[in-house]
Amino acid sequence: MPESLRRDAFADPDRHVMEKAYARWAPLYDLVCGPIFESGRRAAAAAARRVGGRILEVGVGTGLSFSDYDHTTAVVGIDMSAPMVAKAQERLASGQFPHVESVMVMDATDLAFGDGAFDCVVAQFVITLVAEPERVLDECARVVRPGGEIILVNHLYSEKGVTAVLERLLARPARKMGLRPEFPFARLAAWAERHGAVALVERRPIKPLGVYTLVRFRRLLDARARAAA
């Protein structure tokens, strides 16, 4: 691949392109993406339930994950896509999810919540698609309490072999569909290293196929305890 195309393929996605893509997806999202993302969605919610308490779901979409939480949690959902949030609000209005506090349109790079406001932050199939992933992660770390967790689920770049070549070739056309197949785990690890007050506690492929990866970071009680975490 020419160097100029390679740089373009690995560049962070344009926010407006993603907003348009997910506005188009909103009417069909539950039908098409619900089954595809189910294993990752449920794995993330299960990890969040183990933390319990107040949970922020970044990129809540149409609210498909509402049923994956329970009375041990209090869920707040945000998404940059107004059409997606409208669908989530319709789902919430059914009254079937008393554990969901609210859903709202919000930019994840500038969360309107206080420091340490949540016990856990969940981002399912989100961090690879935002224009400024490190800034979003910084905000997630800010609003989670010390000892709380940031839980991510995504397809992560294979980095080598035939699959990696295919992911690079698909990178540019995939953007128009609201997808990004070439985001590497190394970028998440580098963010945690730079941040200094979070530690990686788990990274595992999700069964049955291992297409998605669950990544958990814990907000340290003391940044100086990072080496001992």
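For T72, T62, T213, what ranking results if the residue with the fewest other Cβ atoms within 10 Å of its Cβ goes first?
Values: T72 13, T62 27, T213 18.
The order, fewest Cβ neighbours first, is T72, T213, T62.
Long-range amide H contacts for T72: which residues qualify at under 5 Å (H placed 1.01 Å from N, peptide plane, sequence gap of 5 or more or a different chain)?
Amide H neighbours of T72: none.
Please give the FRET efficiency for A189 paired with S94, using the beta carbon to beta carbon distance and R0 = 30 Å, rounded to the nearest 0.05.
Plugging the Cβ-Cβ distance into 1/(1 + (r/R0)^6) gives 0.15.
May I ask you to derive the FRET efficiency for R49 and S102 from their Cβ-Cβ distance with R0 = 25 Å, giving the value to the nearest 0.05?
0.85
Order of S102, S65, S94 from fewest to most other C-beta atoms within 10 Å?
So the residues, fewest neighbours to most, are S94, S102, S65.
Read-outs: derived from the displayed coordinates by stated rules, not from any lab. Please read all numbers here as calculations on a predicted model, not as lab measurements. Neighbour counts are summed over all protein chains in view; Cβ atoms, including those assigned to glycine, are modelled from backbone coordinates with ideal geometry.
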